[in-house]
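Just so you know, all these numbers are worked out from the coordinates, no wet-lab data involved. What you are looking at is a predicted structure, and each value in this text was computed from that prediction instead of being measured. A quick note on method: Cβ atoms are made from the backbone with ideal geometry, for glycine too, and the neighbour counts reach across all protein chains shown.
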Amino acid sequence: MAKGKKIRVLVVDDSAYNRRAIMEMLESVEDIAVIGTAADGEEGLKVALALKPDAITLDLDMPNMDGFTFLRLLRAQAPVPVIVISGYARTSDVFKALELGAIDFIAKPSRHFSPETKSVREELVQKLGAVRLLRRRSLGRTESSEVAAAGGSQMRVAVVGASTGGPPALQRLLSSLSGDLPLGIAIAQHMPERFTRAFAERLNRLSAYEVVEARSGDLLAPGRALIAPGGHTMRLVRTTDGLRAGLSEGTAKDRYVPSIDALFESVAHAVGAGAAGVLLTGMGNDGCAGMLALKKVGAITIAESEETAVIYGMPKEAVEAGAVKHVLALDRIPDALTRFARGVEA
C-alpha cells in the first residue's frame, strides 16, 4: 500500500451490534476507512469482490455462509488480508481460519464488545496497520516441504520467534521436520493467553514433534518443542540434567509478551554456539536483539526471507542490524535445521 493512503476495511459479522461497534472503533482513526459491512459470508464475498478492500475483519460463526467457507472462496478469487475476531471459546476455529489464509486474529472477551473496550480497539488498529507491510504474494500459500530423517544423539537447540503470520508458518515448519532429529525446539509466538495451549495441541497433532505449551520446569528434549504460554515470557535455563523452561508473567511495561528477545538471549547464554535462532514473519523488532546475542556467541541465525514472510518486519530488522547469517524462504528452513541438527553447517 502507498504510504499515506487510507486502509479501506470491510467488516463482516452477523451481529449488527458488533458491526456498529467495530465501525465506531475505527471511525476515529485517521488512516482507516470502513468502506462496507456484511452480515454473513455470502454477502461479504460479494461486497469484497465489488469494493476490493485492503483488509477485512471477519466473524467465523455466521448464517448462510460461515467464515471458513468465506476464507476458502476469497483466497481462490481475490486474496485479501483477513483479521478474524473470535471469542476465547473458539480457539480451534481460530487456527483453522489461520490455516485457510487469515493473517491474524483478535480475541474478544465475549460475544459482544463495545467501542469502549480500549485494548481491543488498540489491537485492531495495530493489526490493520500491519496491512501496509504485508507481502501480498505470500497470502494463501499452503504447500510444505519434506525433509529426511536425521541420526545422531547429542541434542542441539533451535529457538524460533514469530508474530503476525506465524501460526501457519510454524505449522509448515514443524510438520516438515522429522521427529527423530536430535533437536529440541523452543518457540515464542506472539499470542494472547488461552490460545497457546490449543495452538500447541494442534501442532502436536500435525507434526512428528511432541509439541506442548511450556510449564515452568519443563525439560527440553530431542523431538520436543516447547511453546511459550500466552501472557508469559519463557527463558531456557541450564540445570544439572539439561535445559529447563523458566516462565515469568508479562507486565504492562512489556512491549511484547511472549518476548522473542528474552527467549533468544537466554539460549545465547545457556547454549552458546550449539544453538540456532530462527526469526519468522511478524511486525516490529522483537527478536532483533536476541538474534544479535546469538550471533555474538557463534550460534547460527536464520531469518525468513521477504519472498515468503507474510510481514517482512521482524526479519528485516534483524537482517539490517547484521544479526542474520542466512536469509531463507520458509520452505528451505526445515532443511537448514535438519543439517544443523546433524552437525552439518548450512
Q) Along the range 289-299, what does the Karplus equation 6.51 cos²θ - 1.76 cosθ + 1.60 (θ = phi - 60°) give for ³J(HN,Hα), rounded to whole Hz, x for Gly and Pro? A) 5, x, 5, 4, 5, 5, 5, 4, 8, x, 6
Q.
Placing unit charges on C-beta atoms (Lys and Arg positive, Asp and Glu negative, everything else neutral), compute the dipole magnitude of the range 156-342 about its Cα centre in debye, rounded to 20.
A. 320 debye
**Q.** Lys/Arg +1, Asp/Glu -1 at C-beta; the range 208-346 dipole; positive extreme among 310, 282, 219
**A.** 219
Q: Can you tell me how much longer the chain between residue 27 and residue 241 gets when fully stretched, taken as 0.36 nm per residue apart minus their C-alpha distance, in nm with one decimal?
A: 71.5 nm
Q.
I'd like the projected area of the range 275-346, averaged over all directions, using the convex hull of its alpha carbons. Report it in nm² with one decimal.
A. 4.1 nm²
(Q) Positive end of the dipole of the chain, charges at C-beta (+1 Lys, Arg; -1 Asp, Glu), about the Cα centre: which of 297, 29, 182 has its Cα farthest in that direction? (A) 297
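Please compute one quarter of the surface area of the Cα convex hull for the chain and express it in square nanometres. Mind dumping the intermediate values first?
Values: hull surface 64.8 nm².
Averaged projected area of the chain's Cα convex hull equals 16.2 nm².
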Q: For the pairs 5/96; 52/108; 127/296; 6/325, note any where the Cα-Cα span goes beyond 29 Å.
A: 5/96; 127/296; 6/325
Q: Would you mind working out the magnitude of the charge dipole of the chain relative to its Cα centre, with +1 at each Lys and Arg C-beta and -1 at each Asp and Glu C-beta, to the nearest 20 Debye?
A: 500 debye
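What is the sum of charges around residue 44, taking Lys and Arg as +1, Asp and Glu as -1, for the other residues whose C-beta is under 14 Å from the C-beta of residue 44?
Once positives and negatives cancel, what remains is -3.
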(Q) Only Cα pairs within less than 10 Å get springs; with that Gaussian network setup on the chain, which residue of 331, 241, 54 has the largest fluctuation? (A) 241
Q.
Binning at 5 angstrom from zero up to the longest distance, how are the C-alpha pair distances of the range 156-342 distributed in percent?
A. 1, 9, 20, 24, 24, 16, 5, 1, 0
